[in-house]
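Asks: One structure is given below, represented as C-alpha cells, and several questions about it will come after.
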Amino acid sequence: GTGFDANVADQTGLSAGTYDLTVTDDNGCEATTSITINEPTAISIEETAVSDISCNGLTDGSIDISVTGGTAATDYTYSWTTADGSGLAADTQDQTGLGAGTYDLTVTDDNGCEATNSTVITEPDAITIVSDTAINATSESATDGSIEVEATGGTGVLTYTLTPGDISNETGIFNNLAHNDYTVSVTDENSCGPVTTDLTVSFPDAIESISLSKNIKLYPNPTSSKLTLEINIDRSDSYTIEIISLSGQQLYKENTQSDRSFTKELDLSGYAKGIYFIKVSTDHNHYQERIILQ
C-alpha cells in the first residue's frame, strides 16, 4: 500500500494494500498486527447492444448497457446527455427511441465513484432519386419503350418497382414498355421509402412520324459498325440527330442545317453491341428508330 506515515498511530489517505503495525512500550515490549485495506473493482460500462437508425429521419435507435464494479448497495445512478441526438430518458440505464447522434453516459456508484462512456448512433442517408429517364416507344402499338431510374442512399441494395406491372429489380432499368404513365418506387433493405418518381413513355405523333419516315432512309440496320442516314425533304430545315442508349443515355448529338436533302454516315464501332435508338428532330416533326448493333 501507499500513503502511510510510519510514526503515526492513525493513518489516512491510504491506498489498497496490507499494512503491518508494531507497537513498542517503554520497556521494549512489542505487539504486532496486520491490516488489509480493500478497494472495489473499477466501474466498467459495456455496450451489450447498440441499434442504429433503420431509416433516415426515424428515431428507432437504442443502446443497452451492462455495468459492473464499484460499490452499489442497490443500483447505480445513470446520467445520460446528448448535444445532437434526441429521445433520451436521462436517468435510465437502457435507451430506446433515439435519433441519430452522440450519447454520453456517466455512471455513479454509492461511493460517488464515476465511469463514463460515449456511444454514437448513426442513420443511413436518405434515399434520393438522382436521375430518371424515359425512352418513348417507336409507335403507338410498339412495346419498345424503356425507363431507367438511378437512386442513392438507404441501406444495402436498393429495389426499384415499376407500376403498373408490379415489376421489381435492382438495376432500375425497365425495357419492353408500351406507351403509358408509370411510377417507379425505390426502397432499401430495411423497407425504407418508398421514394417515387413518375415518368411517361410516349410515342411519336403519327402524322409527324409518317411525314419524316417517308423521307428518311437508315441502312444497314442491323449494322456491325457504320450506319448511313439519308434525309430527302422538300424544304430547308434544321435537324438534331441523337444516338440514345437503351438506358436513356444520350451518346451522340449533332445539330445541322440542310437544304432539302443530305446524307450522314454515323460510326458506331466504338459502342458495345446491343440496341440503340436514333432520333431525328426538326422544328416541325420528329423520327425515332431502333438500331441493332451486332
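Asks: Look at Asp144 and say whether it is farther than 28 Å from Thr48 by Cβ and in contact with a Lys or Arg (Cβ under 8 Å, 6 or more places away or on another chain). Break it down stepwise before answering.
Replies: Numbers: farther than 28 Å from Thr48 by Cβ: yes; in contact with a Lys or Arg (Cβ under 8 Å, 6 or more places away or on another chain): yes.
Yes: the conditions hold for Asp144.
Asks: Between residues in segment 252-266 that are surrounded by 11 or more Cβ atoms within 10 Å (Cβ to Cβ) and residues that are of a type in the set (D, E, K, R), which pairs lie under 6 Å by C-beta distance while being six or more apart or on different chains?
Replies: Once the first residue is surrounded by 11 or more Cβ atoms within 10 Å (Cβ to Cβ) and sits in segment 252-266, its partners that are of a type in the set (D, E, K, R) give Lys253/Glu242; Thr263/Glu230.
Asks: For segment 141-199, give me each residue that is loosely packed, with under 14 Cβ neighbours inside 10 Å, of a type in the set (Gly, Ala, Ser) and within 23 Å of Leu58 (Cβ to Cβ).
Replies: Passing the criteria: Gly156, Ser191.
Asks: How about segment 1-12: which of its residues are farther than 21 Å from Thr41 by Cβ and loosely packed, with under 10 Cβ neighbours inside 10 Å? Quick ask: steps written out before the conclusion?
Replies: Pass one, segment 1-12, residues farther than 21 Å from Thr41 by Cβ: 4-12.
Scanning segment 1-12 gives Ala6, Asn7, Val8, Ala9, Asp10, Thr12.
Asks: OK, next. Can you say whether Ala100 is over 18 Å from the mean Cα position of the chain (by Cα) and closer than 30 Å to Thr159 by Cα, as far as the supplied structure shows?
Replies: Numbers: over 18 Å from the mean Cα position of the chain (by Cα): no; closer than 30 Å to Thr159 by Cα: yes.
No.
Asks: Does segment 222-248 hold any residues that are in contact with an Asp or Glu (Cβ under 8 Å, 6 or more places away or on another chain), touching a residue at least 40 places away in the same chain (Cβ under 8 Å) and loosely packed, with under 15 Cβ neighbours inside 10 Å, and which are they?
Replies: Within segment 222-248, Ser225, Lys226, Ser238, Thr240 qualify.
Asks: Is at least one residue of segment 67-75 charged (D, E, K, R) and touching a residue at least 12 places away in the same chain (Cβ under 8 Å)? I'd like the intermediate steps shown before the answer.
Replies: Taking segment 67-75 and keeping what is charged (D, E, K, R), we get 75.
Remaining after also requiring touching a residue at least 12 places away in the same chain (Cβ under 8 Å): none.
Checking segment 67-75: not a single residue is charged (D, E, K, R) and touching a residue at least 12 places away in the same chain (Cβ under 8 Å).
Only the coordinates and a few stated rules stand behind these numbers; no lab work does. In this text the structure is predicted, and so the values were computed from the model without any measurement. Note: ideal-geometry Cβ built from the backbone for every residue, glycine included; neighbour counts use all protein chains shown.
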